[in-house]
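K.L.:
Quick one: the structure is below, questions incoming.
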Amino acid sequence: MNGSIRPVHYWDGRPVPHIAAWSREQLPPQPLSVIYGQGGSGLGFQDEDSRIDRHQGVLWLRMPAARGGQPRYERVHSLRQRRAMSHLLCQMCGGPTIGSRPGDERTLFLVGSAGGRPIAEGEHTESPPIHAVCALLAVEYCPPLRRGWAAALVDYTPTWGVAGLLYSPQPLEPLSSDHHDGLHRVPFTDDRRIRWTLAARLMVSLLGVTAVTDLDTLADVERESARVPG
């Protein structure tokens, strides 16, 4: 049995995305400080363990991974989002998206698009990939997607940067952002800003984009593949 598509969690009759946070996953204190190292000063934790607290050299928000209580659909769990993006796991079920369709190594991406704008070549996103089967659930239940969506099969997804809180060195305070979620989008190539960023989401570039308007046909291929032994 093809195990790439996993059961989706439900709460009160509604599917809960794999990357959604739960009420039990409350943010602990973030003991931030200015640290000094190779390349100059930057943001760090007072009790930092670089093996846990950093990814690709960037400081990450501390957030427990302990699902329970009630889902917080409006909040993204930073660690599950990062793992889903790094390993191309489905944002809904958490299963691997590579290999869900025989002979097709591309990954499917789905974003909100109330105005009908398609996903562009080279676009940056913090929304992890998704199975077509799971995408059908998402467009049915997710309010932003119900207002309109765009989907595309993508050949290559190199990491681009992060979405996170950007801090000023003196005083050590978060800077305001023009984005509705208060997060800054910072590329890894921007050394001046990335060293002062507390990352919350990993972002990738979408390359080799082929627009998808028929999710049902893709979902049928995935369902058929799941019935094939081995």
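K.L.:
Would it be correct to say that Ala120 is under 16 Å from Ala211 (Cα atoms) and assigned to a helix (DSSP H, G or I)? Lay out the reasoning, then the answer.
P.N.:
On the way: under 16 Å from Ala211 (Cα atoms): yes; assigned to a helix (DSSP H, G or I): no.
So Ala120 does not fit the description; no.
K.L.:
In the range 192-223, what residues are closer than 23 Å to Arg62 by Cα and modelled with pLDDT under 95?
P.N.:
The initial filter retains those residues of the range 192-223 that are closer than 23 Å to Arg62 by Cα, namely 192-204.
Correct list: Arg192 only.
K.L.:
Restricting to the range 198-230, count the residues that are in a loop (DSSP other than H, G, I, E, B) and at positive phi. Don't jump to the end; show me each part of the working.
P.N.:
First, pick out the residues of the range 198-230 that are in a loop (DSSP other than H, G, I, E, B): 206, 213-214, 227-230.
Still in the running and at positive phi: 230.
Selection size over the range 198-230: 1.
K.L.:
Could you pull out the residue among Ala66, Ala84 that is at pLDDT below 95 and hydrophobic (A, V, I, L, M, F, W, C)?
P.N.:
Values: Ala84 fails: at pLDDT below 95.
Ala66 is the lone residue from the list that is at pLDDT below 95 and hydrophobic (A, V, I, L, M, F, W, C).
K.L.:
Hey, another quick one. Suppose we filter Arg72, Arg83 for residues that are surrounded by 12 or more Cβ atoms within 10 Å (Cβ to Cβ), part of a strand (DSSP E or B) and either among the charged types (D, E, K, R) or in contact with a Gly (Cβ under 7 Å, 6 or more places away or on another chain) (or both); which single one remains? Give the derivation first.
P.N.:
On the way: Arg83 fails: part of a strand (DSSP E or B).
Criteria check complete, one pass: Arg72.
K.L.:
Right, another one. I'd like the full set of residues that are farther than 13 Å from Gly112 by Cβ and modelled with pLDDT under 95, limited to the range 123-152.
P.N.:
none
K.L.:
While we're looking at this one, here's another question. Across the range 46-97, what is the total count of residues that are in contact (Cβ under 8 Å) with a residue 60 or more places away in the chain and of a type in the set (A, V, I, L, M)?
P.N.:
Qualifying residue count, the range 46-97: 9.
K.L.:
How many residues, within the range 10-27, are outside any loop (DSSP other than H, G, I, E, B) and either under 14 Å from Ala65 (Cβ atoms) or small (Gly, Ala, Ser) (or both)? If you could, list the steps in order and put the result at the bottom.
P.N.:
Keep residues of the range 10-27 that are outside any loop (DSSP other than H, G, I, E, B), which gives 10-11, 14-16, 20-22.
Next, from what is left, pick out any that are either under 14 Å from Ala65 (Cβ atoms) or small (Gly, Ala, Ser) (or both): 20-22.
Residues flagged as outside any loop (DSSP other than H, G, I, E, B) and either under 14 Å from Ala65 (Cβ atoms) or small (Gly, Ala, Ser) (or both) within the range 10-27 amount to 3.
The values are calculated or read from the model by the stated rules, or taken from the named source; none is laboratory data. What you see is a predicted model; the values in this text were computed from it and never measured. Neighbour counts run over all protein chains shown; Cβ positions are idealised from the backbone, glycine included.
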